[in-house]
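So the structure is just underneath, and the comments pick up after that.
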Amino acid sequence: MIGYLDLLLRLTIWFLLTADLSPANIFIGVAVAFLLPRSSTKRAVLKDWLHVLWEILQAIPIAYLEALEMIFRPHPQEVQTREQVKPNRTLGLIFLDIFLITFTPKTIVLKYQEDGWYKVHWVRRQRRGNGRVQERGGPETP
Amino acid sequence: MTEDWYVVAIVALLPLTAGMLVTQVNPYHALVIRGILGAVAALVYALFGAADVALTEALVGTMLSITLYAIAVRSSLMMRVGVLAPETISTSGEAEIVAVSEIDRSHPTAPVLSALRQSLGKYHMRLELVTYASPLALQAALTTKDVHTIWLTSKETLKSEPAESPASDSAPVYQLQTRVRRLYEILQGQLPPTAELVYVNPTDSSGLKKPPEMGMSDDSTETSS
Amino acid sequence: MMNAILITMILALLLPIYEAWQDDNIWQKMLAFASIATKTSILILVVAVLRDDWTIGVVGVLILSVGNAALMLLAHVLRRLNEL
Amino acid sequence: MIDALSYGLMGLGVVFWFWGTWPLLGHRSVLYKLHSLSVSDTLGSMAVIVGLLLKIPKEWPLLVLALISLAIWNTVLGYVLAYCSTEGGGND
């Protein structure tokens, strides 16, 4: 149980970079993956990671749809909101949440505040909510 | 021949960005343009098949040199001003510059500080305030070239004329002593009337100020209170 | 066809270069720099595929990940600068 | 068929590039330009790389790595730039 997800990630990057499945290369990859220092923070749960991976895969078509929408209908309005972080998230999962929000072109996370809020910057079509900071209650994904 | 067109177009970007780089005046803008030049240069090198040179340009030329230059520019384009620490003199007020100036615009030191920042900003320089415990330490810091300028109130500098009190409006309340000729030239005439700028030659200590030992013995009654 | 795409991409690269030259705000210049860093590495990848020279492709991938690191470091230094 | 799809994706990427880079020349805020840059530099470049991937499928590992690093780094860079440009008060 020594952070096998961590090792898996490193091995994936190694094999993608080298594209070589010879025994010598596999040996080097495994050795490097074990030798690199590992962080001793809280272990992520595999289920959460799979969930996030699924969300990333879902986010890609959403991002393209938003991009096309931005191209065909201009979004001249800029709005800032605050959104609450979902409870019980490890640091890695918070990073992935920020990644997901920033990846979609209409929204950018400005700041992650330690007390569990994101500051999110939006572009909108309508001319309402003129630049003021809005509070948002429930956790929601854009 | 057609496949050469894009090569020419890309290579033409290199002198273009280089020209942009050498015409920059602000050093920070020049750093950003240097990054752009590095990216374009890596593209050109990769285009000519020099993969190793391109990689070196991206790693060293762009990343390392920009980071090092950013730190170098940041720490060298700066005027260090020595001020007295709040514990020693809490009555004179100038010692709280560091804490006060950011919040309280009506504080007597605020116009001097903003004038300093403004005139230094024209040369892309920053102001850093360093606190010292006593006037003696301040003078020592100036002579050992630890700071470029020291900031004193008239109480410590105009000891010879005790009649002149800082209460009168027209007389300068603060005195800035600088040991750098160029800083004196830059700041001359830029400060509000409450501050006076003096150039101190660091090589001859018998300039404007009294020897620090005497000054310290005179000051001891006031500073320790 | 590939040549046409490449030429159009170079034209697109000219836009942020012009922006970096004409705008005096440091953050606008940083945006232009970010744009140029990505665009040049994509151009390297396109050239690699066009010539079928895979050493160039590896360099493109490495630059793609490294150029951005420099940008982030510079952004943080500039942020600290504005705080003072 | 595959060839047409690949050229189509690359064309889409180039169109995204132009659309997203054009607002850079305007006088909008840094954040607004960042939104359009995330369209052009992340999504447009990803489209271009997928187009290249369809053209040369035998080099898929490297291009997939390019795709992943492009998405992650550009998004993180967008966040860092947004954070730094608003925190330091340099957003004028």
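All of the numbers you see were taken from the coordinates with simple rules; none came from a lab. Here the structure is a predicted model, which is why all the values come from computation and not from measurement. Note: ideal-geometry Cβ built from the backbone for every residue, glycine included; neighbour counts use all protein chains shown.
Residue count for segment C:32-55 under the criterion of being farther than 21 Å from D:His35 by Cα and more than 9 Å from chain D (Cβ to nearest Cβ): the result is 7.
Taking the conditions (1) within 7 Å of another protein chain (Cβ to nearest Cβ); (2) surrounded by fewer than 17 Cβ atoms within 10 Å (Cβ to Cβ) in turn, D:Met1 satisfies each one other than (1). The single condition among (1) more than 19 Å from B:Thr56 (Cα to Cα); (2) facing chain D (nearest Cβ under 7 Å); (3) among the hydrophobic types (A, V, I, L, M, F, W, C) that C:Val58 does not satisfy is (1). Taken as a whole, the condition of being more than 8 Å from every other protein chain (Cβ to nearest Cβ), more than 30 Å from B:Leu129 (Cα to Cα) and in contact with a helix residue (DSSP H, G or I) (Cβ under 7 Å, 6 or more places away or on another chain) does not apply to B:Leu77. Count of segment C:61-72 residues, restricted to those that are more than 7 Å from chain B (Cβ to nearest Cβ) and over 13 Å from C:Thr38 (Cβ atoms), is 1.
Determine whether D:Thr86 is among the polar types (S, T, N, Q), surrounded by 23 or more Cβ atoms within 10 Å (Cβ to Cβ), over 21 Å from A:Leu17 (Cα atoms) and at the interface with another protein chain (Cβ under 7 Å from one of its Cβ atoms). Judged against the criteria, D:Thr86 is not a match. Picking from residues in segment D:38-59 that are free of Cβ contacts under 8 Å to residues at least 40 places away in the same chain and at the interface with chain C (Cβ under 7 Å from one of its Cβ atoms), the one that is nearest to C:Ala34 (Cα to Cα) is D:Asp41. If you go through segment A:89-110 and pick out every residue that is charged (D, E, K, R) and touching a strand residue (DSSP E or B) at 6+ places or on another chain (Cβ under 7 Å), you end up with 1.
Filtering segment A:61-93 to residues that are loosely packed, with under 15 Cβ neighbours inside 10 Å, among the aliphatic types (A, V, I, L, M) and touching a residue at least 40 places away in the same chain (Cβ under 8 Å) leaves only A:Leu91. Looking only at residues in segment D:60-71 that are more than 24 Å from A:Ile98 (Cβ to Cβ) and surrounded by 19 or more Cβ atoms within 10 Å (Cβ to Cβ), the one that is nearest to the other protein chains (Cβ to nearest Cβ) is D:Leu62.
Taking (1) over 23 Å from A:Tyr112 (Cα atoms); (2) surrounded by fewer than 21 Cβ atoms within 10 Å (Cβ to Cβ); (3) touching an Asp or Glu at 6+ places or on another chain (Cβ under 8 Å); (4) more than 7 Å from chain C (Cβ to nearest Cβ) in turn, D:Gly20 satisfies each apart from (2).
Note on segment B:1-59: enclosed helices (runs of 4 or more DSSP H) holding 3 or more residues that are surrounded by fewer than 17 Cβ atoms within 10 Å (Cβ to Cβ) and of a type outside the set (Asp, Glu) are B:3-22.
Here C:Lys29 meets each of (1) facing chain D (nearest Cβ under 7 Å); (2) closer than 21 Å to B:Leu68 by Cβ; (3) not hydrophobic (A, V, I, L, M, F, W, C) with one exception, condition (1).
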